[in-house]
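The values are calculated or read from the model by the stated rules, or taken from the named source; none is laboratory data. Remember, predicted model here, so these are calculated numbers, not experimental data. Positions of Cβ are backbone-derived with ideal geometry, glycine not excepted, and every protein chain shown enters the neighbour counts.
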Amino acid sequence: MDRIRIRGGNPLKGEIPISGAKNAALKLMAASLLTAEPLTLTNVPRLADVRAMAELLVSFGVGVQVTMAAKFGEGDTMKLEAREITSVFASYDMVRKMRASFQVLAPLVARQRQAKVSLPGGCAIGARPVELHLNALEAMGAKIDLAEGYVTATAPDGLKGAEIVFPFVSVGATETAMMAATLARGTTKIVNAAREPEISDLGNCLIAMGAEIWGLGSSEITVVGVEKLHGAAHRVMADRIEAGTYAIAAAIAGGEIELVGASHDTIASLLSLLTKAGAEVSSTPRGLKIHMNGTRPKSVDVTTAPYPGFPTDLQAQIMALMAVADGTSVVKEKIFENRFMHVPELARMGAQVRIDGDTATVRGVEKLKGAQVMATDLRASVSLVLAGLVADGETNVGRIYHLDRGFDRLEEKLSRVGADIARVPE
Ligand code: EPZ
């Protein structure tokens, strides 16, 4: 297993191309199951999770063709054609490997009227139940059976429109309800819908495929079911979490980075905190520029929340910045119950963090020290890379398959802007 080795201390300068969003691409790929015609996605990121989703779709009989971009910084093109679905079964092995696999349930039931998909179970960041997904499908007339770790959902007469009121905001359950509703008979109203940009991206692709959807980006989405969806071409939105991660990289290492393709609006909550911490943020014709003039960042308090609040997927990264900030910062994690696994690893590098339930109090130190570290999820792992960029000496991050799941050519992007970072065999 490879590791990532970082020698800290280099300021960053140059541009980083932002890839297509993992959390949009995976659901867009699942949406290809809703039509017999080809769905062509462009700006697809090169990630292990994207490959895993493609493998799962192939197991259902979907034809998947990838054209790799010739130029660094450009996304790949993926043509998905679910002309005939030959299997509606997603195994425990597939879903365990990648929770987003669960998102095939709704399109399979909507089009094939049945599916058997493994329950995902808990994961490193918390229990992560799926009852909201199942309640939504049930409200639309699906019969749900749970046995031996699998959900079997059937709707022999097809799904029907319903009013679905979510008790709290869930990205995945909103996507399940929206995809299911596109082919349901009648109108579905999704109340307390998640407003994440990835949901609007999925909704816009579904609209391009012929779906009738209103209210994207608001907390009430209305879908009028249609008989059939058709093929379409859609460009995957830029990854706001990747963009946010590199914005924090510039703030922690110092220097100036242009994030090409990034959009200010999708990470406004982060950018306002970075400004308070001392970074200069400006929009450019191609994206965003982050400048940090080598001064120590100031501490800021952070509370994660559903969009447009501060994303939980950037909490570990901002904590790395706070670990070296001037002052004490309070970081509250309100989305997942167990998302502080980076804390003991950051502590190995000299960070001073105290955890009390969902709250971490970070007392900034002047210097972190390189160490051997590893983490159990994607965002936690990248926070250790960020810490390594400013730590004295060498940091070695293990278990980098987590990084490969969600960061497209991370070490290449960072080394091109001056970081001393390399992938080395163990
Ligand atoms: C998506 O997960 C993302 N994953 C996560 O990114 C992200 O952290 C999360 O949204 C929040 O923004 C993908 O898009 C593939 P939720 P999702 O349903 O849809 C609870 C990453 O690193 N809940 O909005 O699973 C749940 O346990 C990943 O890229 C229930 O209790 O998140 C959590 O506490 C990690 N019952 C909260 O809701 C349910 O039926 C929000 O989860 C559904 C969710």
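Odds and ends about this structure:
- Any chance V330 is away from the ligand (no atom under 16 Å from the Cβ), assigned to a helix (DSSP H, G or I) and either among the polar types (S, T, N, Q) or assigned by TED's automatic domain parsing to the domain that holds D377 (or both): no
- For beta carbons closer than 7 Å, sequence separation of 6+ or different chains, a first residue in the stretch 298-327 that is assigned to a loop (DSSP other than H, G, I, E, B) and a second that is near the ligand (Cβ under 10 Å from one of its atoms) and of a type in the set (K, R), the qualifying pairs are A305/K334.
- Considering only residues in the stretch 125-143 that are assigned to a loop (DSSP other than H, G, I, E, B) and touching a residue at least 12 places away in the same chain (Cβ under 8 Å), the one that is farthest from the ligand (Cβ to nearest atom) turns out to be G141.
- With respect to the conditions (1) closer than 28 Å to A316 by Cα; (2) surrounded by 19 or more Cβ atoms within 10 Å (Cβ to Cβ), G217 falls short on a single one, namely (2).
- Test result for A193, closer than 24 Å to P306 by Cα and either small (G, A, S) or not assigned by TED's automatic domain parsing to the domain that holds R83 (or both): yes
- Checking each residue in the stretch 36-95 for being of a type in the set (G, A, S), away from the ligand (no atom under 16 Å from the Cβ) and not in a helix (DSSP H, G or I) picks out A36, G61, G63, A69, A70, G73, G75, A82, S87, S91.
- In the stretch 210-248, the qualifying residues are those that are hydrophobic (A, V, I, L, M, F, W, C) and part of a loop (DSSP other than H, G, I, E, B), and the one that is farthest from the ligand (Cβ to nearest atom) is V226.
- Within the stretch 56-81, considering residues that are of a type in the set (S, T, Y) and more than 22 Å from F102 (Cα to Cα), the one surrounded by the most Cβ atoms within 10 Å (Cβ to Cβ): T77
- Residue satisfying all of: in the stretch 109-124; away from the ligand (no atom under 13 Å from the Cβ) and closer than 30 Å to A375 by Cα; surrounded by the fewest Cβ atoms within 10 Å (Cβ to Cβ) among these: S118
- If you go through the stretch 144-187 and keep only what is of a type in the set (F, W, Y) and within 13 Å of the ligand (Cβ to nearest atom), you end up with F166, F168.
- Residue in the stretch 256-268 that is of a type in the set (A, V, I, L, M), crowded, with 24+ Cβ neighbours inside 10 Å, part of a helix (DSSP H, G or I) and away from the ligand (no atom under 16 Å from the Cβ) present: no
- Residues within the stretch 214-231 that are touching a strand residue (DSSP E or B) at 6+ places or on another chain (Cβ under 9 Å) and either more than 16 Å from P107 (Cα to Cα) or modelled with pLDDT under 95 (or both), tallied: 6
- Contact map, the stretch 355-382: first residue assigned by TED's automatic domain parsing to the domain that holds T295 and more than 16 Å from the ligand (Cβ to nearest atom), second residue part of a helix (DSSP H, G or I) and among the charged types (D, E, K, R), Cβ cut-off under 7 Å, separation 6 or more or different chains; pairs are A371/R348; V373/E345; V373/R348; M374/E345.
- Inter-residue pairs, beta-carbon under 6 Å, first closer than 20 Å to L137 by Cβ and acidic (D, E) and in the stretch 189-201, second within 11 Å of the ligand (Cβ to nearest atom) and assigned to a strand (DSSP E or B), 6+ apart: none
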